Amino acid sequence: MQPIDYVPCINDMYQSQGFAPYRWSEFDSSPWAPFEKPLNQACIALISSAGIFRDDQEPFDPWAVNDLSYRQIRTDTPFEQLKLRHNYFDHRDALRDLNCVFPVRRLEELAKSGFIGSFAPTAITLGMGRLYKRTALQQETVPEIVRALREQDTDAVLLVAA
């Protein structure tokens, strides 16, 4: 099987439907911030774009466009109380083991073994897809998420793209 060059395929498909070529975000001014704290002393948080939510939270709308919402989930929440709602990836493996896209049990194990200092008590999830309001994401959603991470004294974040 030959690999699929995904980005050009998607661009070609949308351009054939009359859409302009996609403009990727470019960030030339992002400062380099070296991570100098030993990992075994660091508090690590989790952010997943898998559309995970608790059964008592509002589900993500898998067909939404420009959904800037996110959910905060206590990392000790039993997996039986978690749901997945996302249209842009195959769910089969995640439904067998949610750790594929929401690896809270693996991070707990790393904290217990001393590999990481601690695992933040709250994870952040998003239902990313068809998000064209990049400025709103940067100016509204991201600052809220950063505040939530700082409240937990987070040193670093594991980003899991679904």
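Using only Cα coordinates, the Kirkwood hydrodynamic radius of the chain works out to 17.6 Å.
Of all DSSP bridge pairs formed entirely within the chain, close to 45 percent run antiparallel.
Could you size up the charge dipole of the stretch 93-162 around its Cα centre, putting +1 on the beta carbon of Lys and Arg and -1 on that of Asp and Glu, and report it in debye to the nearest 20? All intermediate terms of the calculation are to be shown ahead of the outcome.
Working: 9 positive and 9 negative charges, 52 e Å.
For the stretch 93-162, the charge dipole is close to 260 debye.
Close amide-amide hydrogen proximity is noted between residue 160 and 47, 48, 49, each under 5 Å apart and 5 or more residues distant or on a separate chain (H modeled in the peptide plane; Pro and chain starts excluded).
Across the stretch 93-162, the mean sequence separation of Cα contacts (distance under 8 Å, 6 or more residues apart), normalised by length, yields a relative contact order of 31 percent. Relative to the Cα centre, the charge distribution of the stretch 38-160, modelled as +1 at Lys and Arg Cβ and -1 at Asp and Glu Cβ, gives a dipole magnitude of about 240 debye.
For the stretch 38-160, relative contact order (Cα pairs under 8 Å, six or more residues apart, normalised by length) works out to 49 percent.
Look at the alpha carbon pairs under 8 Å that are at least 6 residues apart: their mean separation over the length of the stretch 26-103 gives a relative contact order of 36 percent.
Inter-label distance, residue 17 to residue 33: 3.6 nm, where each label sits 7 Å from its Cα along the C-beta direction.
Just so you know, all these numbers are worked out from the coordinates, no wet-lab data involved. Everything quoted here is computed from the prediction, not taken from an experiment. All Cβ positions, even for glycine, are placed from backbone atoms using ideal geometry, and neighbour counts span all protein chains on display.
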